[in-house]
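Values in this text are rule-based calculations from the coordinates and carry no lab data. For clarity, every value in this text was computed on a predicted model and none was experimentally measured. In this analysis, Cβ positions are derived from the backbone assuming ideal geometry, glycine residues included, and neighbour counts consider all displayed protein chains.
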Ligand SMILES: Nc1ncnc2c1ncn2[C@@H]1O[C@H](COP(=O)(O)OP(=O)(O)O)[C@@H](O)[C@H]1O
Ligand SMILES: [Mg+2]
């Protein structure tokens with residue numbers, strides 16, 4: 001079940017909250033299927049930018065085109081994952097995945113929807129956990145459910161806003177592998193916001209640094225995958241980006 005990602009064309013996006021000018025005339029072109037990481041100091045506007053891409057908020061000026069269509073409001077082709085899994089406690093695991101399907105899509109029967117959700121749960125390593133309640137799951141497992149819910153609708157653009165920020169180191173490494181495998185299989189376009197520069201570089205094709213309302217650095221990462229944690233090219237790039245963020 002391969003779907004294509006969509007290219008993204010961001011032109012002259014600005015976003016202000018009162019007198020706070022968070023994004024200033026930001027331009028960005030992303031190829032379909034690209035994996036981008038966004039890093040930057042706390043409060044620099046990473047979540048604001050992702051909310052605009054998701055259509056959860058409107059820019060003050062400028063335009064965002066996804067696959068040639070302007071993003072205006074919530075779009076079924078775009079899905080977001082946050083630091084908290086945001087599962088509904090009164091629904092079972094499989095029901096939480098099913099709600100990721102667009103409500104406007106009436107073409108599938110209940111049993112088709114159940115089969116799709118079960119398949120997604122298998123892909124995120126949670127086969128057999130369908131009928132459990134969210135509260136019995138670990139933090140990492142909840143994020144797996146959240147990932148299955150995000151991907152069941154086959155989005156063209158997946159936005160990840162520090163989804164691994166609250167997880168322990170081992171679980172993070174497992175999630176990296178899972179996200180990369182699903183990205184390779186589904187070929188969606190991906191944006192990962194992370195405060196972990198090493199994580200940004202090990203996963204992405206491109207690392208963007210957001211600073212003063214604009215993209216201060218746009219770094220291509222052409223290191224072959226899989227990228228081991230102690231890969232010297234990764235650690236060298238990590239040092240370079242960190243030095244730039246800290247203005248050393
Ligand atoms: N809804 C809002 N109302 C007012 N200010 C906001 C709102 N959302 C974000 N901001 C401000 O915009 C700036 C960027 O926030 P955010 O995008 O959350 O940063 P980051 O995700 O990079 O840490 C901060 O100064 C924050 O206080
Ligand atoms: Mg944020």
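Annotations for the structure displayed:
- Separation of segment 105-135 and segment 32-85, taken as the distance between their Cα centroids, equals 26 angstrom.
- Degrees, to the nearest 10: 110-123 long Cα axis against longest axis of the chain: 50 degrees
- Among 144-153, 20-29, 35-44, sorting by the average number of other beta carbon atoms lying within 10 angstrom of each residue, highest first, gives 144-153, 35-44, 20-29.
- Counting all C-alpha pairs of the chain, share separated by more than 21 Å (%): 58 percent
- Whole-Å semi-axes of the ellipsoid equivalent to segment 26-142 (Cα gyration tensor, √5λ, descending): 30, 19, 13
- Here the mean projected area of the convex hull built on the C-alpha positions of segment 78-154 is 4.8 nm².
- Taking the longest Cα principal axis of the chain as reference, the axis of helix 139-151 is set at about 90 degrees.
- Based on Cα contacts under 8 Å between residues 6+ apart, the chain shows a relative contact order of 28 percent.
- Listing 84, 112 from fewest to most neighbouring C-beta atoms within 10 Å gives 112, 84.
- Relative to the dominant Cα principal axis of the chain, helix 232-245 is inclined by about 60°.
- Each residue in 170, 191, 82 was given a count of other beta-carbon atoms within 10 angstrom of its own, and listing them fewest first yields 170, 82, 191.
- Calculated SAXS-style log₁₀ I(q)/I(0) at q = 0.11, 0.20 Å⁻¹ - segment 165-248, Debye, Cα scatterers: -0.31, -1.02
- With helices as the sole contributors, the chain gives -10000 deg cm²/dmol at 222 nm; each DSSP H run of n ≥ 4 counts as -39500 (n - 2.57), and the sum is divided by every residue.
- When only Cα pairs below 8 angstrom with a gap of at least 6 residues are kept, segment 121-248 shows a relative contact order of 18 percent.
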